[in-house]
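Peer 1: Let me begin by handing over the structure; questions about it come next.
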Amino acid sequence: MAGKRLNIGVIGAGSISGLHLEAYRACPDAVITAICDLNEERAKAAAAKYGAPSSYTDYRELLRNPEIDAVSICTWNNTHAEIAIAALEAGKHVLCEKPLCKTVEDAERVQAAVERSGKVLQVGFVRRYASSIDVLKRFIDAGELGEIYYAKASCLRRLGNPGGWFSDKERSGGGPLIDLGVHIIDLCWYMMGRPKVKSVSGNTYRKLGNRSQIENLSFYKAADYNSERNDVEDMANAVIRFENGASLMVDVSFTLHAAKDELSVKLYGDQGGAEIEPALVIMSEKHNTIVNMTPQVDHASFDMTDAFGREITHFVNSSLGRCETLSPVQDGVEVTRMLCAVYESAATGKEIHF
């Protein structure tokens, strides 16, 4: 496939699509061919900005374009399954933003479509593709951390409910757990070697609402922000146990009475440990001394532009047959199982066994 370029269609022209489009524009092996959005004006504006010759308001029309080889799905969570399956059946490779789906049933339908089509589906677990994770993965694969038996991750926002579709359970499937928790759960699970899940115990809370009355603090708001619509959780926490005896603790929030926002991801092994956020540090023992190592890399902490650039490049190369994706559909299904199990455990008050 040397010299081949991939013609790209982007479905959904909301905020996250900008990171996809910028990365495609910077990728020499990709050509932005079409953009689709329910909002015609927004689709046309994005097409003009990124030089796409075609724009659509119906993704089915985009998929009928024979020039398009692959698509990015940047739409509401409740549309991922429908669009992904249609794209695969139309012979397109697919990069689907996280989470893969709202439900396990939908995720399994997407997996079946991937298997039928033989096309690439890459789940948008963008943090797997960060420079710092690439470095740490080499340490882990070489046995520097030994057996990773415990991970702990937090992504806490004290004021950060984006509103709009993010706070509409029908479209999103949930709040901070499915929006933020999906990233840190996946990242820990991936770095732990993707062990089989044994059980999940979780809690969700709706105590504070979106706190739109708070003044003097700005935060990201969805394009369709509406403070009156909010039927998702404010906060969630969970313990995930794996068949190999390892465990993961996680907590996430859109809004919380906390002193500051917090992002923390930590791994503990029997030979060493690592802190991924807020910056990469690897802990070890050398000559009977505890040593903290700080890898010298351009992006020791998560850099959105770097990670999306690497993710998009990897998707393009996977679609052109040059490599395998780091985040296949099977992983999207398993992470969906974990997310849904947290919600089920919270609703029933019981631990969910796999």
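Peer 1: So the check is Cβ under 6 Å with 6+ separation or different chains; which pairs have a first residue in region 310-333 that's crowded, with 20+ Cβ neighbours inside 10 Å and among the polar types (S, T, N, Q) and a second one that's at pLDDT 95 or above and in a helix (DSSP H, G or I)?
Peer 2: Pairs found: T325/S318; S327/R128.
Peer 1: Let me ask something else. Given S199, S167, which one is in the same structural domain as G349 (by TED's automatic domain parsing), in contact with a His (Cβ under 6 Å, 6 or more places away or on another chain) and at pLDDT 95 or above? Step through it out loud before you land on a result.
Peer 2: Values: S167 fails: in contact with a His (Cβ under 6 Å, 6 or more places away or on another chain).
After applying the criteria, what remains is S199.
Peer 1: In region 11-38, which residues are surrounded by 22 or more Cβ atoms within 10 Å (Cβ to Cβ), of a type in the set (A, V, I, L, M, F, W, C), closer than 17 Å to N317 by Cα and in contact (Cβ under 8 Å) with a residue 60 or more places away in the chain?
Peer 2: Residues of region 11-38 surrounded by 22 or more Cβ atoms within 10 Å (Cβ to Cβ): 11-13, 17, 20-21, 23-24, 30, 32-37.
If we keep only those that are of a type in the set (A, V, I, L, M, F, W, C) as well, we get 11, 13, 21, 23, 30, 32, 34-36.
Among the residues that remain, those that are also closer than 17 Å to N317 by Cα are: 21, 23, 30, 32.
Matches in region 11-38: A23, A30.
Peer 1: Please tell me if V291 is exposed (fewer than 13 other Cβ atoms within 10 Å of the Cβ) and either in contact with a strand residue (DSSP E or B) (Cβ under 7 Å, 6 or more places away or on another chain) or in a loop (DSSP other than H, G, I, E, B) (or both). Outline the logic, then answer.
Peer 2: Working: exposed (fewer than 13 other Cβ atoms within 10 Å of the Cβ): yes; either in contact with a strand residue (DSSP E or B) (Cβ under 7 Å, 6 or more places away or on another chain) or in a loop (DSSP other than H, G, I, E, B) (or both): yes.
So V291 passes the test.
Peer 1: Name every residue in region 39-62 that is buried (at least 17 other Cβ atoms within 10 Å of the Cβ) and assigned to a loop (DSSP other than H, G, I, E, B), in order of residue number.
Peer 2: A52 - this is the single residue of region 39-62 that is buried (at least 17 other Cβ atoms within 10 Å of the Cβ) and assigned to a loop (DSSP other than H, G, I, E, B).
For (1) among the charged types (D, E, K, R); (2) under 15 Å from the mean Cα position of the chain (by Cα), each residue gets a yes or a no:
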{"site": "D303", "(1), (2)": "yes, yes"}
{"site": "R310", "(1), (2)": "yes, yes"}
{"site": "T313", "(1), (2)": "no, no"}
{"site": "C323", "(1), (2)": "no, no"}
{"site": "Q330", "(1), (2)": "no, yes"}
{"site": "I352", "(1), (2)": "no, no"}
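Peer 1: Would you confirm, using the coordinates I've provided, whether V104 is touching a residue at least 40 places away in the same chain (Cβ under 8 Å) and buried (at least 21 other Cβ atoms within 10 Å of the Cβ)?
Peer 2: Numbers: touching a residue at least 40 places away in the same chain (Cβ under 8 Å): yes; buried (at least 21 other Cβ atoms within 10 Å of the Cβ): no.
So V104 does not fit the description; no.
Peer 1: Now a separate question. Residues that are of a type in the set (V, I, T), surrounded by 20 or more Cβ atoms within 10 Å (Cβ to Cβ), in contact (Cβ under 8 Å) with a residue 60 or more places away in the chain and touching a Cys at 6+ places or on another chain (Cβ under 9 Å): does region 119-128 have at least one? Can you show your working first?
Peer 2: Keep residues of region 119-128 that are of a type in the set (V, I, T), which gives 120, 123, 126.
So of that shortlist, the ones also surrounded by 20 or more Cβ atoms within 10 Å (Cβ to Cβ) come out as 120, 123, 126.
Checking which are in contact (Cβ under 8 Å) with a residue 60 or more places away in the chain leaves us with 120, 123, 126.
Next cut, touching a Cys at 6+ places or on another chain (Cβ under 9 Å) only: 123.
Checking region 119-128: at least one residue is of a type in the set (V, I, T), surrounded by 20 or more Cβ atoms within 10 Å (Cβ to Cβ), in contact (Cβ under 8 Å) with a residue 60 or more places away in the chain and touching a Cys at 6+ places or on another chain (Cβ under 9 Å).
Peer 1: State which residue is surrounded by the most Cβ atoms within 10 Å (Cβ to Cβ) when the search covers only region 294-309 and only residues that are more than 30 Å from S17 (Cα to Cα) and touching a strand residue (DSSP E or B) at 6+ places or on another chain (Cβ under 8 Å).
Peer 2: For region 294-309, the residue satisfying everything is P295.
Peer 1: Among the residues of region 317-354, which ones are in contact with a helix residue (DSSP H, G or I) (Cβ under 9 Å, 6 or more places away or on another chain), β-branched (V, I, T) and part of a helix (DSSP H, G or I)?
Peer 2: Result: V329, V333, V335, T336, V342.
Residue-wise test of (1) under 26 Å from G14 (Cβ atoms); (2) at pLDDT 95 or above.
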residue	(1), (2)
S212	yes, no
Y220	yes, no
A223	yes, no
N230	yes, yes
E233	yes, yes
I240	no, yes
S247	no, yes
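Peer 1: Residues being without any contact (Cβ under 8 Å) to a residue 40 or more places away in the chain and among the charged types (D, E, K, R): count how many of those fall in region 135-149.
Peer 2: Taking region 135-149 first, the residues without any contact (Cβ under 8 Å) to a residue 40 or more places away in the chain are 138, 141-142.
Right, trim to among the charged types (D, E, K, R) and you get 138, 141.
Residues that pass the stated criteria total 2.
Peer 1: Let me ask something else. So, K266, is that one surrounded by fewer than 16 Cβ atoms within 10 Å (Cβ to Cβ) and either free of Cβ contacts under 8 Å to residues at least 60 places away in the same chain or under 30 Å from S17 (Cα atoms) (or both) or not? Write out each step before concluding.
Peer 2: Values: surrounded by fewer than 16 Cβ atoms within 10 Å (Cβ to Cβ): no; either free of Cβ contacts under 8 Å to residues at least 60 places away in the same chain or under 30 Å from S17 (Cα atoms) (or both): yes.
Considered against the rule, which asks whether it is surrounded by fewer than 16 Cβ atoms within 10 Å (Cβ to Cβ) and either free of Cβ contacts under 8 Å to residues at least 60 places away in the same chain or under 30 Å from S17 (Cα atoms) (or both), K266 comes out as no.
Peer 1: Does S15 satisfy the condition of being touching a His at 6+ places or on another chain (Cβ under 9 Å) and of a type in the set (G, A, S)? Talk me through it step by step, then tell me what you get.
Peer 2: Numbers: touching a His at 6+ places or on another chain (Cβ under 9 Å): no; of a type in the set (G, A, S): yes.
In short, no.
Peer 1: Pull out all pairs, ordered by first then second residue, where Cβ-Cβ is under 7 Å, the residues are six or more apart or on different chains, the first lies in region 53-77 and is β-branched (V, I, T) and modelled with pLDDT of 95 or more, and the second is exposed (fewer than 13 other Cβ atoms within 10 Å of the Cβ) and not in a strand (DSSP E or B).
Peer 2: Filtered contacts from region 53-77: T57/E40.
Peer 1: Looking at region 40-74, which of the residues that are of a type in the set (K, R) and over 26 Å from the mean Cα position of the chain (by Cα) is nearest to F315 (Cα to Cα)? Please lay out each step first, then the result.
Peer 2: First pass over region 40-74, keeping only residues of a type in the set (K, R): 42, 44, 49, 60, 64.
Next, only the ones that are over 26 Å from the mean Cα position of the chain (by Cα) stay: 44, 64.
Working: K44: 25, R64: 21 Å.
Across region 40-74, the extreme among qualifying residues is R64.
The values are calculated or read from the model by the stated rules, or taken from the named source; none is laboratory data. Please read these numbers as outputs of a predicted model, since none were measured by experiment. Positions of Cβ are generated from backbone atoms using ideal geometry, with glycine treated the same way; all protein chains shown enter the neighbour counts.
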